[in-house]
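All remarks here apply to the structure that follows.
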Amino acid sequence: MFGNSFPGGGWDYLVSRVSILEAKPSVTQAITQLEGASILLVEDNEINREFAHDLLTSKGLRVQVANNGQEALTLLASNTYDAVLMDIQMPMLNGYDATRVIRQQEYHRNLPIIAMTANAMAGDQEKALDAGMNDHLTKPIKPDLLFQTLAHWILPNSAREKKIQGAV
């Protein structure tokens, strides 16, 4: 908070607030924090899938791939992930509907699901959030923003290790 006084009395204030929850880590911090994180990548386009997979694994993340929402549900039934990167427009079960099903499962209610989509029109982010997704990234993917967004939603690697040890 900053203030200025004026001759004859009176004050002028400027209040600035930064939300800790909205602050994103630097790219270097994000990559360090994410090392070893387990990501479910749900993407039907082979080129986009390979790009995202290679980008994530090159920075030490573990990635499992689903080609559509139905495959994602099958993988989620038998695996644990730190986050899901979800395309929207896919065959069999789209990203919105897959997210709605995931959110109905008690175990996955708090699982971070991030839309990773070409849907960049006004209202698309709101549709993703309304479906139960936590965040929205548009394609083409900007690597720095991808890592910062994941780090915003995923526990740091030291906290993930403690969580795993506590579950054993």
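Every number here is computed from the coordinates shown, using simple stated rules; none is lab data. Note that this is a predicted model, so its numbers are computed, not measured. So basically every Cβ, Gly included, is an ideal-geometry build from the backbone, and we count neighbours across all protein chains shown.
Points to keep in mind about this one:
- Arranged from fewest to most other beta-carbon atoms within 10 Å of their beta carbon, 80, 117, 149, 32 become 80, 32, 149, 117.
- Shape box of the range 25-157 [Cα atoms, principal axes, largest first, Å]: 35, 34, 26
- Computed on the range 25-157, with alpha-carbon pairs under 8 angstrom and 6+ residues apart, the relative contact order is 29 percent.
- ³J(HN,Hα), Karplus 6.51/-1.76/1.60, whole Hz, each residue of the range 107-121, x for Gly, Pro: 4, 9, 4, 9, 5, x, 10, 10, 5, 10, 9, 7, 6, 10, 7
- R0 of 25 Å, Cβ-Cβ distance residue 79-residue 104: FRET efficiency to nearest 0.05: 0.90
- Per the Cα gyration tensor, the range 83-148 maps to an equivalent ellipsoid with semi-axes of 19, 14, 10 Å, ordered largest to smallest.
- For the range 137-153, 3J(HN,Hα) computed residue by residue from phi via the Karplus equation (6.51, -1.76, 1.60; θ = phi - 60°) reads 10, 9, 8, x, 5, 9, x, 4, 5, 4, 5, 5, 5, 4, 5, 5, 9 Hz, glycine and proline entered as x.
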